[in-house]
Amino acid sequence: LNGQFAWACRPQYGETVCGDGVGWWPSAQGWVFALVDGLGHGEEARIAAESALLTVQQQLTQPLTTLFTECDQALFSTRGAALAVGRIQCYGNQYEFEHAAVGNIRTVLWRDGKVRRFGAARGIVGAGFFSLYTEKMGLQRGDWLLFYSDGIAEAAPLTQTLPDRVPDQPLAEQLV
């Protein structure tokens, strides 16, 4: 997997800590990555986000449905969070992307100028969620996977920055 990872998080205006979190971990055949948005902002949101990321890290090999159930239990004593988890696995020269999400996290695949949006279950990780489902699809060289929380407007023109991206400049620096 010759992918590049970039991320950017910043606190809500007037806060000193951010309630969003990002994690990525190598797995036996690829990568697992997560974006979490602790409810609200500030310290309580940061605690929820960190708890979710720690639980994901401890459950990397579990099916995504089990991983989300474990996160839901781990976040019960926190404000809760929106969470998206993606898993990329390599099978020879083929790559498969598996995805699940709860709440207002957005995940999009940008391929050849077209955008495919992934769904998310309703609810809050830590307070229960409904109809969690996983989606799988093959990935191709040149694909972009974008995960973002409600800190970025759903209609933000994120993909417009991708075709002209400077290869050695992190994407996060171009979006800020």
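The values are calculated or read from the model by the stated rules, or taken from the named source; none is laboratory data. Only a predicted model underlies this, so the values are computations on that prediction, with no experimental measurement involved. Reconstructed Cβ throughout: ideal geometry from the backbone, glycine too, with neighbour counts over all protein chains shown. Keep in mind that these areas ignore ligands, DNA and RNA; they rest on the heavy atoms of the full protein, side chains included. Shrake-Rupley method; radii C 1.70, N 1.55, O 1.52, S 1.80 Å.
A few comments on the model shown:
- Loop-resident chymotrypsin sites (Phe, Trp or Tyr not before Pro) (DSSP state other than H, G, I, E or B) in segment 10-105 with no more than 16 further Cβ atoms inside 10 Å of their Cβ: Y13, F76.
- Close amide H partners of S27, meaning residues 5 or more places away or on another chain with modelled amide H under 5 Å apart, are V32.
- Rounded accessible area of W25 (nearest 10 Å², 1.4 Å probe): 30 Å²
- For K136 and Y13, the FRET efficiency from 1/(1 + (r/R0)^6), where r spans their Cβ atoms and R0 equals 30 Å, is about 0.20.
- Förster radius 41 Å - calculated FRET efficiency between E44 and N93 (Cβ-Cβ, nearest 0.05): 0.35
- Here segment 11-156 is treated with +1 on each Lys and Arg Cβ and -1 on each Asp and Glu Cβ, and its dipole about the Cα centre works out to around 480 debye.
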